[in-house]
Amino acid sequence: GLGATWEPELIREDYRLVAEEAKAAGLHVTFSPMVDLVRDARWGRCLESPGEDPWLNSRFAQAMVEGFQGKALNEKQGIAACVKHFAAYGAPEGGREYNTVDISRRRLMEEYLPPYKAAVDAGCEMVMTAFNTVEEIPATANQWLMEEVLRKEWGFNGIIITDYAAIQELI
């Protein structure tokens with residue numbers, strides 16, 4: 001529904017209001033936004049995503065982070081945003097949750113990574129890893145993805161967290 005608006009400014013304001021209410025309730029962090037590119041309607045988490053277009057997802061990722069965090073995180077405004085699920089969680093085989101992602105590096109870089117990059121560029125404080133594999137390596141333990149792309153290439157120096165039981169599921 002959010003993606004159908006094609007209005008990042010509206011989404012920024014919506015997320016600013018969410019952050020305002022969350023801050024008033026004593027929260028400082030949110031496990032959002034989910035900016036996974038989704039093109040298979042069978043995947044059960046489609047409803048969380050802005051959609052299937054890398055450009056639109058990128059604009060919404062930026063707007064959501066800016067809405068949550070405001071101009072500055074402090075005691076009076078903003079909550080820390082956590083972009084998820086890094087990366088390509090929205091491309092599972094057969095639309096099945098927790099499934100393998102078989103995707104070329106070129107497609108990953110051109111279509112699936114831009115929304116996460118937009119969130120990082122907007123200053124998100126946290127990145128949540130995905131359960132799926134990327135190039136047959138679990139994203140949570142994927143050194144190329146976490147170190148080379150996220151840390152070195154994009155310059156992210158915030159917190160990387162895992163989703164639910166991702167560490168145990170590496171075994």
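The values are calculated or read from the model by the stated rules, or taken from the named source; none is laboratory data. Bear in mind that the values here come from a model prediction, so they are computed numbers and not experimental data. Glycine also receives a Cβ, built like all others from the backbone with ideal geometry; neighbour counts cover every protein chain displayed. These accessible areas exclude ligands, DNA and RNA; they are computed on the full protein's heavy atoms, side chains included. Shrake-Rupley method; radii C 1.70, N 1.55, O 1.52, S 1.80 Å.
May I ask you to verify whether Ala91 is modelled with pLDDT under 95 and within 23 Å of Val29 (Cα to Cα)?
No.
Cβ-Cβ under 7 Å, sequence separation 6+ or interchain: first residue in the range 41-57 and open to solvent by 80 Å² or more (accessible area, probe 1.4 Å), partner among the aliphatic types (A, V, I, L, M). Which pairs?
Filtered contacts from the range 41-57: Glu52/Leu37; Glu52/Val38.
Looking for whichever is in a helix (DSSP H, G or I) and at negative phi here; the options are Glu52, Glu9. Which one fits?
One residue alone meets the criteria, Glu9.
I'm checking my understanding of the structure. Among residues of the range 134-162 that are part of a helix (DSSP H, G or I) and open to solvent by less than 40 Å² (accessible area, probe 1.4 Å), which one is farthest from Arg107 (Cα to Cα)?
Top of the filtered list is Thr140.
Of all residues in the range 79-104 being part of a helix (DSSP H, G or I) and touching a residue at least 12 places away in the same chain (Cβ under 8 Å), which is surrounded by the most Cβ atoms within 10 Å (Cβ to Cβ)?
Gly95
For (1) out of contact with any Pro (no Cβ under 8 Å at 6 or more places or on another chain); (2) within 26 Å of Glu148 (Cβ to Cβ); (3) modelled with pLDDT of 95 or more, each residue gets a yes or a no:
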residue: Trp43; (1), (2), (3): no, no, no
residue: Leu47; (1), (2), (3): yes, no, no
residue: Arg59; (1), (2), (3): no, yes, yes
residue: Phe68; (1), (2), (3): no, no, yes
residue: Lys71; (1), (2), (3): yes, no, no
residue: Ala81; (1), (2), (3): no, yes, yes
residue: Gly95; (1), (2), (3): yes, no, no
residue: Met109; (1), (2), (3): yes, yes, yes
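Keeping to the range 124-133, report how many residues are assigned to a strand (DSSP E or B) and either modelled with pLDDT under 95 or among the hydroxyl-bearing types (Ser, Thr, Tyr) (or both).
2
I'm trying to understand the selection: among the residues of the range 10-31, which are small (Gly, Ala, Ser) and either open to solvent by less than 60 Å² (accessible area, probe 1.4 Å) or in contact with a Lys or Arg (Cβ under 6 Å, 6 or more places away or on another chain) (or both)?
Once the filter is applied, which keeps residues that are small (Gly, Ala, Ser) and either open to solvent by less than 60 Å² (accessible area, probe 1.4 Å) or in contact with a Lys or Arg (Cβ under 6 Å, 6 or more places away or on another chain) (or both), the range 10-31 yields Ala19, Ala22, Gly26.
Do we have Arg107 as open to solvent by 20 Å² or more (accessible area, probe 1.4 Å) and more than 14 Å from the chain's Cα centre (by Cα) here?
yes
Could you tell me which residue of the range 59-76 is nearest to the chain's Cα centre (by Cα), considering only residues that are within 22 Å of Leu108 (Cα to Cα) and open to solvent by 10 Å² or more (accessible area, probe 1.4 Å)?
Per the stated criteria, the residue is Gln62.
Filter the range 66-78 down to residues that are assigned to a loop (DSSP other than H, G, I, E, B) and not small (Gly, Ala, Ser), then give me how many there are.
Looking only at that region, the number is 6.
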